Amino acid sequence: MTVWDAFQPTGSAAGIARQLATGGPSHAWLLLGPSGAGKRATALAMAAALDCDVNPGVGCGHCRACTRIMRRQHPDVHHIAPEGPLIPVDVVRDQVNPEAARSPFEARYKVFVIEEADRMNIPAQNALLKTVEEPQPDTVFILVSQNEEEILETLRSRCTTVRLEPVAQERIEEMLRREGAAPEAARVAARACLGDLEKARAFAFDVSVADRRRVWGSLPSRLENPLAALDAAAEVAEEARAAVKERERAQREEVLELGEALGEGRGTATARNALAKRHRRELKRLEEEVLGEALTFLATFYRDVAARRAGARDALTNIDAKREIDLWAKADASDAALLAACERCLKARASFVSNANPALAIEATLVELTRLVPPSSPVAG
Ligand SMILES: [Zn+2]
């Protein structure tokens with residue numbers, strides 16, 4: 001088994017796998033593709049292939065290096081993502097570039113995964129360009145983006161560009177089963193993940209993600225009045241806090257590991273500070289992700305109800321909420337109101353990038369959703 005098993009053997013990701021396996025990897029990559037094309041999953045697989053202890057160039061998926069990379073906890077694999085609407089120039093200048101000039105800490109390559117790379121503003125892209133133009137031999141940049149035209153041509157031309165195609169639902173389901181998921185869990189996760197393999201794995205194997213999903217499933221029938229909506233919003237926020245706490249525990253272990261590895265020698269303060277910064281960003285992002293999960297669930301739920309009413313049973317995203325969807329499909333809410341509710345949730349989710357307080361956005365959204373009156377006899381359980 002390798003980290004590439006999940007990808008189409010004939011797809012673009014397999015092409016990357018071949019290039020990495022034959023050595024002499026490009027030092028800068030640009031992964032393009034629509035949402036659900038598995039860009040982040042590909043970037044992680046690439047990092048694992050580069051830094052695997054057991055099967056270098058391929059990525060075994062099981063060794064300590066691969067496991068930590070997949071959990072985004074490897075000290076040599078850095079994830080950069082927008083904070084707010086942008087990746088500002090100081091993130092590149094103060095964090096990425098100095099770090100890229102240092103040798104890897106323990107692995108063969110130091111890898112930078114820059115998510116939503118198009119959100120680097122022009123100064124940030126230019127700052128990165130300087131480093132990409134004069135690369136360290138053991139540093140690899142992987143830029144991930146949906147918007148090719150927002151990336152400067154000068155930067156693009158330095159990268160090996162790969163266009164990824166979305167992963168088919170059946171393939172994700174098959175993959176999850178092969179990785180040990182129960183058939184029903186694999187089917188539910190493959191639908192609910194909206195083509196995102198990483199998310200599918202979380203739905204299928206991460207107990208806390210599965211538990212959260214049960215909470216999201218209870219939301220539609222609970223939004224009966226503003227007071228109940230505020231209650232529900234508080235519970236959503238509590239789920240986010242719990243996820244943050246869980247991640248903090250993992251982070252503390254990482255700090256201890258780094259401490260043991262570094263000792264108390266010179267320059268360790270910089271490494272510690274960099275790690276602390278990365279951890280804070282990770283927590284902020286995780287909070288947003290969990291709150292976003294709730295909104296995405298609601299959006300797809302209302303869309304499912306409208307689809308069910310139109311007779312499109314096979315097109316449902318949330319097949320684990322089928323009974324509730326059926327109940328709503330027979331109830332009063334108009335198709336227009338359902339689609340408006342779906343839009344409202346998606347808009348709130350999109351607003352997170354520029355919103356200082358996503359928890360407030362959730363409150364406002366859930367209160368608004370009470371205009372859709374839930375069916376009078378909610379499904380028990
Ligand atoms: Zn490995």
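Brief remarks on what is shown
- Taking amide H atoms as placed 1.01 Å from N in the peptide plane, the amide H of F112 lies under 5 Å from those of H78, V140, F141, I142, each 5 or more residues away in sequence or on another chain.
- Protection proxy ranking for 246-259, 212-225, 299-312, using the average of other Cβ atoms within 10 Å per residue and placing the highest first: 299-312, 212-225, 246-259.
- Cα convex hull volume per residue for the chain (Å³): 139
- Screening the chain for DSSP H helices whose Cα atoms reach 20 Å or more along their own axis and whose mean Kyte hydropathy is at least 0.0 gives 335-351.
- Extension reserve of the E148-E165 stretch, reckoned as 0.36 nm per residue once the Cα distance is removed: 4.7 nm
- Radius of gyration (Cα atoms) of region 1-141, expressed as a multiple of 2.2 N^0.38 Å: 1.01.
- Shown for E83, E343: other C-beta atoms within 10 Å of each C-beta, ranked fewest to most, produce the order E343, E83.
- With 10 Å bins beginning at zero, the pair-distance distribution over Cα atoms of region 292-351 amounts to 26, 56, 18, 1 %.
- Pairs exceeding 25 Å between alpha-carbon atoms, taken from K130/K347; K110/K277; K245/K347; K284/K322; K110/K130: K130/K347; K245/K347; K284/K322.
- Between I319 and N126, the FRET efficiency estimated from the beta carbon spacing at R0 = 35 angstrom works out to 0.15.
Read the figures in this text as sums done on the coordinates, not as results from a lab. Keep in mind that what you see is a predicted model, and the values were worked out from it rather than measured. Positions of Cβ are backbone-derived with ideal geometry, glycine not excepted, and every protein chain shown enters the neighbour counts.
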